[in-house]
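Trainee: Quick one: this structure, given as structure tokens, is what I'll be asking you about.
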Amino acid sequence: MKAEFFFSDKFAAAGDRGGTNKMKAAVSFSGGKDSILALERALKSCEVAGLVMTFKDGESWFHEISSAFCDKLSSSLGIPIVQIKTAGGAQYTEDFAAALVQLRESVGIEAIVFGDIDLLPHRSWCEELAERAGLVAVFPLWGEERAALVHSLIAKGYRAVIKKVDKKKLGKDQLGKLLDREFLDLLRSRSLDECGENGEYHSVVVDGPCFLHKVDYELGEIYEDDWSYIIRIT
């Protein structure tokens with residue numbers, strides 16, 4: 001099945017905000033803290049042509065951010081998004097690779113940037129994906145200390161909203177709160193990973209140094225699946 005995806009009409013004209021003769025790259029983007037930090041670093045060394053996100057039924061995979069809210073993120077960052085619609089499973093990789101090939105051929109990207117930190121199975125998948133698309137895989141956060149990264153996010157002035165939590169580890173009462181030192185204290189008190197790399201929580205970053213302006217948002221209903229509590233953000 002051919003991958004279904006679409007590109008912003010501004011995508012081909014996108015680039016970093018100042019700077020030439022850099023490797024052109026797309027950033028694999030979730031809207032969360034790790035992808036924002038990876039984007040921040042990529043902007044310093046690459047010409048960022050756009051952000052790549054995967055979607056199912058109008059919401060992003062894993063973080064469950066609506067397509068409409070992703071448009072708000074794109075506007076606030078001043079960087080276009082390519083949305084890849086995929087049902088998941090084995091098709092997820094196929095659809096992702098097809099979109100990257102399209103970007104390489106139409107926009108001229110040479111690399112794809114990922115926000116992975118230290119999970120080798122994730123890195124292997126990313127590297128295989130990039131190779132299939134004829135791209136270089138870039139990991140600007142790789143090997144850094146998890147807690148140091150999340151503390152640096154807060155220290156730099158980024159504002160991240162807790163979007164989703166593991167229902168076995170955190171309660172509904174944490175949804176919609178800011179990722180701040182109080183939240184990190186709670187994680188430490190429960191012997192949970194401050195960076196959430198074991199799926200303890202997912203966040204959506206709405207303001208900070210990478211943003212042209214903050215994202216206005218409203219908190220909506222809380223719902224759940226077999227593993228998580230999730231809050232809608234609009």
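Trainee: Multiplying the sequence separation of H151 and L219 by 0.36 nm and subtracting their Cα-Cα distance, what value in nm do you get?
Mentor: Details: separation 68, 0.36 × 68 = 24.48 nm, distance 2.44 nm.
Full-extension gain reported as 22.0 nm.
Trainee: Measure nothing fancy, just the Cα-based angle from helix 90-106's long axis to the longest principal axis of the chain, in degrees from 0 to 90, nearest 10.
Mentor: 50
Trainee: Still on this structure, please answer the following. Taking only protein heavy atoms and a 1.4 Å probe, what accessible area per residue, in Å², does region 180-234 have with all protein chains in place?
Mentor: Values: 3030 Å² over 55 residues.
Per residue, region 180-234 has 55 Å² of solvent-accessible surface.
Trainee: Which cross-chain or sequence-distant (5 or more) residues have an amide H under 5 Å from the amide H of L51, H modelled 1.01 Å from N in plane?
Mentor: V27, I81, V82
Trainee: Given the chain, report the % of alpha carbon pairs whose separation exceeds 33 Å. Could you put the intermediate results ahead of the total?
Mentor: Values: 3222 of 27261 pairs.
Here the long-distance tail beyond 33 Å is 12 percent of all Cα pairs in the chain.
Trainee: Now, a different point. Could you check the simple spin-label distance between R41 and A90, using points 7 Å along Cα→Cβ, in nm with one decimal?
Mentor: 3.4
Trainee: Pairs to check: K44/K172; K56/K177; K22/K72; K24/K177. Give those whose C-alpha atoms are more than 29 Å from each other in this structure.
Mentor: Values: K44/K172 37 Å; K56/K177 25 Å; K22/K72 27 Å; K24/K177 35 Å.
With Cα atoms farther than 29 Å apart: K44/K172; K24/K177.
Trainee: On to the next question. Can you list the residues, at least 5 places off or on another chain, whose amide H is less than 5 Å from the amide H of L175, using H built in the peptide plane?
Mentor: For L175, whose amide H was placed from the backbone, there are no distant partners under 5 Å.
Trainee: Using the heavy atoms of the protein chains and a 1.4 angstrom probe, tell me the accessible area per residue for region 62-114 in square angstrom. All intermediate terms of the calculation are to be shown ahead of the outcome.
Mentor: On the way: 1790 Å² over 53 residues.
For region 62-114, the solvent-accessible area averages 34 Å² per residue.
Trainee: Using only the alpha-carbon atoms, how far is helix 33-45 inclined from the longest principal axis of the chain? Give it as 0 to 90 degrees, nearest 10.
Mentor: Once rounded, one gets 40 degrees.
Trainee: Follow-up question, since we're still on this one. Counting only protein heavy atoms and a 1.4 Å probe, tell me what percentage of region 133-234's accessible area is made up of carbon and sulfur.
Mentor: Details: 2380 of 4990 Å².
About 48 percent, which is the carbon plus sulfur part of the accessible surface.
Trainee: Something else: Return the whole-Å distance between the Cα centroid of region 66-139 and the Cα centroid of region 167-222.
Mentor: Between the Cα centres of region 66-139 and region 167-222 lies a distance of 23 Å.
Trainee: What are the GluC sites (Glu not before Pro) within region 154-230 that DSSP puts in a loop, where the Cβ has at most 13 other Cβ atoms within 10 Å? Walk me through the intermediate numbers first.
Mentor: Working: sites: E182, E194, E197, E200, E218, E221, E224; in loops: E194, E197, E200, E218.
Here the GluC sites (Glu not before Pro) that fit, given the DSSP loop and packing criteria, are E218.
Trainee: Across region 71-78, in residue order, what do the Karplus-derived ³J(HN,Hα) couplings come to in whole Hz, using 6.51 cos²θ - 1.76 cosθ + 1.60 with θ = phi - 60° and x for Gly and Pro?
Mentor: Coupling constants for region 71-78: 4, 5, 4, 4, 4, 5, 7, x Hz.
The values are calculated or read from the model by the stated rules, or taken from the named source; none is laboratory data. Not measured: the values here are computed from a predicted model. Every residue, glycine as well, gets a Cβ built from its backbone with ideal geometry; the counts of neighbours run over all protein chains shown. Just the protein is used for accessible areas: all its heavy atoms, side chains included, with ligands, DNA and RNA removed. Shrake-Rupley method; radii C 1.70, N 1.55, O 1.52, S 1.80 Å.
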